[in-house]
Amino acid sequence: MDVAKVPAAAAASGTVSVSQQSQGQSVGSAQKSLAEMMKDAQEKIQANKDRLKISKNPSRYGDAPIEAYSRLSRARTASQVNAAAGYARRQILQLKAAKRKDPDNAKQIQAAINQLQKAVNRSGKKKRELEQERLEEKRQARLREEKRSEAAQRQQAELNRKRSLRKVRESGYVREAAVDKRVQGQLAATRTELRNQAQALSAALQPPAGAAEQYAAPAVDAAPSGGAIDVQA
């Protein structure tokens, strides 16, 4: 064996070890960076959770249906019912415009629009009921003129019963809108939280800059050019 070439082989072996150690350090650094990014993502997720717990939803889309039903419940004449329905229609137009500008809360806005549309439909029903009540009051007046007090009293009792049921139903509309607003707010907060989590995890799973190049680096030759090992005796 050529003894003079043995140091060259040793040097080549040493070069390979140093190169492998350097590559291992690079991989370890990349893994450390990924772990740090995952930790940052988890901290952001927790911060989002805390923010959702302590902050109020700035979107007040659910207020419009509550106000519309409150106006409808207070209406005592056909003109007041028309005014309440007009308010609901205007709010529908405004919410449709808001839906185009705020796609993140589109579902919450659509729920408010649906409630307002029901308020418009229910206003038509109330106008018919008020007209029916007006006709029944005329019948009572005619019965009193005819000295039929007992029949007039029965008619009055029936009218009072119908009015009481209508008021209960209308107060239920207001509660329905309030419950829907609360539920939609909770769903919107959940969707926001899930969206933030997905974004944070997606950012955390992105490989750090330069990691792809490090993993794709060609393997170091077993012996540098110019240094050969003579295996002949």
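The values are calculated or read from the model by the stated rules, or taken from the named source; none is laboratory data. Quick caveat, the model's predicted, so the values are computed rather than measured. Neighbour counts are summed over all protein chains in view; Cβ atoms, including those assigned to glycine, are modelled from backbone coordinates with ideal geometry.
In a residue-by-residue description of the stretch 112-122, the property of being touching a helix residue (DSSP H, G or I) at 6+ places or on another chain (Cβ under 6 Å), at pLDDT 95 or above, over 30 Å from Thr192 (Cα atoms) and in a helix (DSSP H, G or I) applies to at least one position. Ala217 meets the conditions (1) at pLDDT 85 or above; (2) exposed (fewer than 12 other Cβ atoms within 10 Å of the Cβ); (3) under 30 Å from Leu34 (Cβ atoms) in every case but one. The failed one is (1).
Quick grid of which residues meet (1) polar (S, T, N, Q); (2) in a helix (DSSP H, G or I); (3) closer than 23 Å to Arg60 by Cα:
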residue: Asp104; (1), (2), (3): no, yes, yes
residue: Lys107; (1), (2), (3): no, yes, yes
residue: Glu131; (1), (2), (3): no, yes, no
residue: Gln155; (1), (2), (3): yes, yes, no
residue: Asn160; (1), (2), (3): yes, yes, no
residue: Gly185; (1), (2), (3): no, yes, yes
residue: Ala189; (1), (2), (3): no, yes, yes
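Considering only residues in the stretch 101-117 that are crowded, with 17+ Cβ neighbours inside 10 Å and in contact (Cβ under 8 Å) with a residue 24 or more places away in the chain, the one that is farthest from Ala68 (Cα to Cα) turns out to be Asn105.
Screening Gln140, Gln91 for residues that are free of Cβ contacts under 8 Å to residues at least 24 places away in the same chain, assigned to a helix (DSSP H, G or I) and out of contact with any Pro (no Cβ under 7 Å at 6 or more places or on another chain) leaves exactly one candidate, Gln140.
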